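Notes follow once the structure below has been shown.
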Amino acid sequence: MSSFKVAKILERYGDMGVSALAAATPVDSGTTASSWSYEIVTSGEDATIYWTNDNQNKGVYIAVILQFGHGTGTGGYVQGVDYINPAIRPVFDKIAEEAWMEVVNS
């Protein structure tokens with residue numbers, strides 16, 4: 001399958017992933033939840049989709065510390081919450097299913 005075909009499949013799922021991630025992101029101000037986006041990169045016969053979140057505070061990506069946890073300024077620790085993997089898994093499953101159907105029907 002060409003990277004063009006794969007990119008077209010991925011394009012359909014970019015916004016779906018952004019919506020799933022935004023809905024699953026723990027909300028304080030809502031800035032992190034609304035900061036999800038995606039990019040599709042093609043190279044040769046490959047195409048890859050990346051979901052990103054650009055919300056930062058003092059150079060720290062907030063989505064990452066929500067996921068993995070972080071130390072506090074007073075010596076404490078805030079436990080992370082695995083919200084990214086459960087949110088994006090159904091999107092990955094749909095991508096895989098559609099890509100497989102494309103292979104089978106080619």
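Calculated FRET efficiency, S106 to T72, Cβ-Cβ distance, R0 = 41 Å: about 0.20 to the nearest 0.05. Taking Cα atoms, how many degrees apart are the long axis of helix 3-24 and the longest axis of the chain, rounded to 10 and kept between 0 and 90? The angle comes out at about 30 degrees.
Residues in region 33-47 carry Karplus couplings, in order, of 4, 8, 9, 7, 8, 9, 9, 10, 10, 10, 8, x, 9, 9, 9 Hz; the curve used is 6.51 cos²θ - 1.76 cosθ + 1.60 with θ = phi - 60°, and Gly or Pro positions show x. The alpha carbon centroids of region 65-106 and region 1-34 are separated by 11 Å. Element breakdown for region 2-106 at a 1.4 angstrom probe: carbon and sulfur atoms account for 55% of the accessible area. Taking all Cα pairs closer than 8 Å and separated by 6 or more residues, the relative contact order of the chain comes to 27 percent. Here's how it looks for G80: its modeled amide H is under 5 Å from those of G69, H70, which are all 5 or more places away or on a different chain. Dividing the convex hull volume of the alpha carbon atoms of the chain by its residue count gives 101 Å³ per residue.
Placing R0 at 22 angstrom, the Cβ-Cβ distance between F92 and V60 gives a FRET efficiency of 0.25 after rounding to 0.05. Where does helix 84-104 land angle-wise versus the long Cα axis of the chain, in degrees 0 to 90, nearest 10? The answer is roughly 10 degrees.
The values are calculated or read from the model by the stated rules, or taken from the named source; none is laboratory data. These figures come from a predicted structure and were not determined experimentally. Glycine also receives a Cβ, built like all others from the backbone with ideal geometry; neighbour counts cover every protein chain displayed. In case anyone asks, the SASA skips ligands and DNA or RNA and just uses the protein heavy atoms, side chains included. Shrake-Rupley method; radii C 1.70, N 1.55, O 1.52, S 1.80 Å.
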